[in-house]
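All remarks here apply to the structure that follows.
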Ligand code: 5MM
């Protein structure tokens, strides 16, 4: 992919009114999700579930790209079409998670570093051949007593930047995902302070590794109260604080910001995105790259039974539509009922 194509892919990923479906759960994570609906985590069940998601009629209207896991990129739909080709046929860009997960960070108790740089250029070349157009790497920053440390923030920023450079050189648009976890009882002030430090370090590292900002997408967490904080910030406050933090730290050359949902409820994740787009006035498109907040209703409706596929697809279509509206600044909570879903 030349630089023009990288820019086109990056812009297409964040076209207003459309966003990204994160379906890149590693085997361990999807096993946890399947456990919640009492479904056995076999390769065929994982394939069938992803098949259900990707064959949802009309998904391409609201979904610009899907992030896949290595195993999924190699799998096929029931009619024998490779998933990457199926998505492309429906005007959805196939992407690939290329990080190898998180490990304990040495000398930094309670903190994580994301691994996967070794051999990455070679893996990217293979993923391009398999049809991937973009990649994803997630760094995790934990808030707690005395953490995050600068050691953790800078190590993760450096890894994100090295990953992004390798992807661009290999013809993939990198999604740069520094996730500040919602876990804990910290206030929204603390989340804002940590998010600002994390984003500053991330963009300094990206510049240091010569990453072209026009050819990437940022996938941050929102500025939000910790899950166990007694005082939960409202929708408008989350929207204002998140925008303020992003404006301070993210250069205008980045074409778009696609948020992660991070454990927020489905409707709250949509409401926050909708509120930010109602405020507007940002140099970047603001959209979604949700995993749980897009899949949760669908997974619960499916329960591993072929008889529930239509219901599960309708649930996914509904959430994708609501988030598409939020991305275009047209979401109202009443639309949840108005458009409804069979699930
Ligand atoms: C889909 O979940 C991804 C998790 O994969 P692992 O199995 O490697 O943990 C995750 O990276 C996801 O893409 C983002 O965190 C966004 O998902 P949420 O659910 O937070 O919107």
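The values are calculated or read from the model by the stated rules, or taken from the named source; none is laboratory data. Keep in mind it's a predicted model, so treat the numbers as computed, not measured. Neighbour counts run over all protein chains shown; Cβ positions are idealised from the backbone, glycine included.
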### Task
Would you mind finding the one in 15, 100 that is under 27 Å from residue 163 (Cβ atoms), outside any helix (DSSP H, G or I), more than 16 Å from the ligand (Cβ to nearest atom) and under 17 Å from the mean Cα position of the chain (by Cα)?
15
### Task
Being assigned to a helix (DSSP H, G or I) and surrounded by fewer than 21 Cβ atoms within 10 Å (Cβ to Cβ) is the filter here, so list the residues in the stretch 229-242 that pass it.
235, 236, 237, 240, 241
### Task
Looking at (1) closer than 14 Å to residue 226 by Cα; (2) crowded, with 20+ Cβ neighbours inside 10 Å; (3) in contact with a helix residue (DSSP H, G or I) (Cβ under 9 Å, 6 or more places away or on another chain), find the lone condition where residue 164 falls short.
(1)
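Looking at residue 51, is it more than 12 Å from the ligand (Cβ to nearest atom) and either buried (at least 17 other Cβ atoms within 10 Å of the Cβ) or more than 17 Å from the chain's Cα centre (by Cα) (or both)?
Criteria met by residue 51.
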### Message
Anything in the stretch 181-202 that is surrounded by fewer than 20 Cβ atoms within 10 Å (Cβ to Cβ) and in contact with a helix residue (DSSP H, G or I) (Cβ under 8 Å, 6 or more places away or on another chain)? List them, or say none.
### Response
192, 196, 197, 200
### Query
Are any residues in the stretch 169-190 over 23 Å from residue 142 (Cα atoms) and touching a strand residue (DSSP E or B) at 6+ places or on another chain (Cβ under 9 Å), and if so, which ones?
170, 172, 173
### Residues of the stretch 133-147 satisfying the condition of being buried (at least 24 other Cβ atoms within 10 Å of the Cβ) and not in a strand (DSSP E or B)
133
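Considering the stretch 54-78 alone, what residues qualify as being closer than 14 Å to residue 17 by Cβ and surrounded by fewer than 21 Cβ atoms within 10 Å (Cβ to Cβ)? Write out each step before concluding.
Just the residues of the stretch 54-78 that are closer than 14 Å to residue 17 by Cβ, to begin with: 58-65.
Of everything in the stretch 54-78, those that are closer than 14 Å to residue 17 by Cβ and surrounded by fewer than 21 Cβ atoms within 10 Å (Cβ to Cβ) turn out to be 58, 60, 61.
How many residues does the stretch 248-270 contain that are outside any helix (DSSP H, G or I) and within 16 Å of the ligand (Cβ to nearest atom)?
10
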### Residue satisfying condition, being within 16 Å of the ligand (Cβ to nearest atom), modelled with pLDDT of 95 or more, outside any loop (DSSP other than H, G, I, E, B) and under 21 Å from residue 328 (Cβ atoms), within set 66, 9
66
### Residues being more than 12 Å from the ligand (Cβ to nearest atom) and not in a helix (DSSP H, G or I) - total across the stretch 271-298
8
### Message
Here is a check on your reading of the model: is residue 301 touching a helix residue (DSSP H, G or I) at 6+ places or on another chain (Cβ under 7 Å) and assigned to a helix (DSSP H, G or I)?
### Response
yes
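Would you point out the residue of the stretch 32-44, among those that are in a helix (DSSP H, G or I) and surrounded by fewer than 15 Cβ atoms within 10 Å (Cβ to Cβ), that is farthest from the ligand (Cβ to nearest atom)?
My answer is 44.
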